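The values are calculated or read from the model by the stated rules, or taken from the named source; none is laboratory data. All values reported here derive from a predicted model rather than from experimental measurement. Neighbour counts are summed over all protein chains in view; Cβ atoms, including those assigned to glycine, are modelled from backbone coordinates with ideal geometry.
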Amino acid sequence: MSVKQLSPHPPPKPPGASPATRGLFVTGTDTGAGKSVVSAALLAAMSAAGEPARAHKPVLTGLDEPAEPSDWPPDHELLASACGMRPEDVAPRRYGPAVSPHLAAELAGERIDPDGLLAAAHEQAAAGHTLVVEGVGGLLVPLAESYAVRDLAVALGLPVVIAARPGLGTINHTLLTLGAARDAGLQVRAVVLTPWPARASTMERSNRETIARLGDIEVHGLADIAAPDREELARAGAALPWRSWL
């Protein structure tokens, strides 16, 4: 059976989606695929270029777990430092266990309300800032019962950037994520492979070309960022064509 190229033309956006806010929704092929680094690099680059930007992480879990690598801060602190915000404003819902959001809320005796998630995201963009929303895990991770990360992305109406690993397995994971996004009517701007090595292997170069060809999508590499330094993040993010994505 031959592999067909994924269609770049998504179906119309489902009714009820809100008007698009200026910004980007950064999702990933999985947990740990590089969403936070891509988001922070975009925010730092925007801020350095004079673009008023704000970060939003609708739900953050895993605060009880040590950071990997250990010298990097938790996601909300990293995003906050990239654009000059307070960490608690970046992620209004924070949980300790490293589990999916709906379970983390259940363990805390809470319930995540989809309308509240949407309102919190809109509040960050209310002052006319460019909004970078970092998702949780992948697009199909449940935030609440019958409400996934993808549903929030659709409701926000933001174009999507997919963070993915450059190594083995990334073709399948990335094309599945791209298909899930397009099936919901989301406009995917690009895939960002991270960390992209200075000397990419034959496999990594092939992965990049194959994703671009089969997915009919821009594929960029984000250079390895040694430390969570705002200037270093901005330099890496400046190499991405984020202005054309907005």
Selection over the stretch 86-108 where residues are under 15 Å from residue 120 (Cβ atoms) and under 18 Å from the mean Cα position of the chain (by Cα) yields a count of 8
Output for Cβ contacts, cut-off 7 Å, separation at least six or different chains, first residue of a type in the set (Phe, Trp, Tyr) in the stretch 220-246, second in a helix (DSSP H, G or I), reads 242/42; 242/45; 242/46
So, first residue under 12 Å from residue 174 (Cα atoms) in the stretch 197-212, second residue among the polar types (S, T, N, Q) and in a helix (DSSP H, G or I), Cβ within less than 8 Å, six or more apart or across chains; the pairs are 207/170; 211/170; 211/174
Wholly inside the stretch 68-113, helices (runs of 4 or more DSSP H) that include 2 or more residues that are of a type in the set (A, V, I, L, M, F, W, C), over 20 Å from residue 139 (Cα atoms) and touching a helix residue (DSSP H, G or I) at 6+ places or on another chain (Cβ under 8 Å) are 75-83
All conditions in (1) at pLDDT 95 or above; (2) under 16 Å from the mean Cα position of the chain (by Cα) are true of residue 121 except (1)
Those residues of the stretch 190-215 which are farther than 19 Å from residue 137 by Cα and surrounded by 15 or more Cβ atoms within 10 Å (Cβ to Cβ) amount to 196, 200, 204, 207, 208, 210, 211, 212, 214, 215
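I need a count of the residues in the stretch 124-135 that are part of a loop (DSSP other than H, G, I, E, B) and modelled with pLDDT under 95.
Filtering the stretch 124-135 for residues part of a loop (DSSP other than H, G, I, E, B) gives 126-129, 135.
In the following step, the residues that additionally are modelled with pLDDT under 95 were identified as 126-129.
Matching residues across the stretch 124-135 total 4.
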**Asked** within 23 Å of residue 85 (Cα to Cα) and aliphatic (A, V, I, L, M): does that describe residue 162?
**Response** no
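Do we find that residue 158 is among the hydrophobic types (A, V, I, L, M, F, W, C), farther than 30 Å from residue 123 by Cβ and surrounded by 17 or more Cβ atoms within 10 Å (Cβ to Cβ) in this structure? Full working, then the answer.
Working: among the hydrophobic types (A, V, I, L, M, F, W, C): yes; farther than 30 Å from residue 123 by Cβ: no; surrounded by 17 or more Cβ atoms within 10 Å (Cβ to Cβ): yes.
For residue 158, the condition - among the hydrophobic types (A, V, I, L, M, F, W, C), farther than 30 Å from residue 123 by Cβ and surrounded by 17 or more Cβ atoms within 10 Å (Cβ to Cβ) - is not met.
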Cβ pairs under 6 Å, 6+ apart or interchain, first in the stretch 114-128 and in contact (Cβ under 8 Å) with a residue 12 or more places away in the chain, second surrounded by 16 or more Cβ atoms within 10 Å (Cβ to Cβ) and not hydrophobic (A, V, I, L, M, F, W, C), ordered by first then second residue, are 114/147; 117/58; 120/92; 121/56; 124/54; 124/56; 125/21
Those residues of the stretch 36-66 which are farther than 20 Å from residue 107 by Cα, over 13 Å from the mean Cα position of the chain (by Cα) and not polar (S, T, N, Q) amount to 44, 45, 46, 48, 49, 50, 51, 52, 53, 54
Residue pairs within 8 Å by beta carbon, gap of at least six or interchain, first lying in the stretch 146-157 and without any contact (Cβ under 8 Å) to a residue 12 or more places away in the chain, second not in a helix (DSSP H, G or I), listed first then second, are 148/139; 148/140; 148/141; 148/142
Any residue that is surrounded by 21 or more Cβ atoms within 10 Å (Cβ to Cβ), among the β-branched types (Val, Ile, Thr) and over 23 Å from residue 62 (Cα atoms) - is there at least one of those in the stretch 164-176?
yes
Of the listed residues (127, 180, 153), the one being more than 20 Å from residue 223 (Cα to Cα), among the hydrophobic types (A, V, I, L, M, F, W, C) and out of contact with any Gly (no Cβ under 9 Å at 6 or more places or on another chain) is 127
Any residue that is hydrophobic (A, V, I, L, M, F, W, C) and in contact with a Cys (Cβ under 6 Å, 6 or more places away or on another chain) - is there at least one of those in the stretch 74-81? no
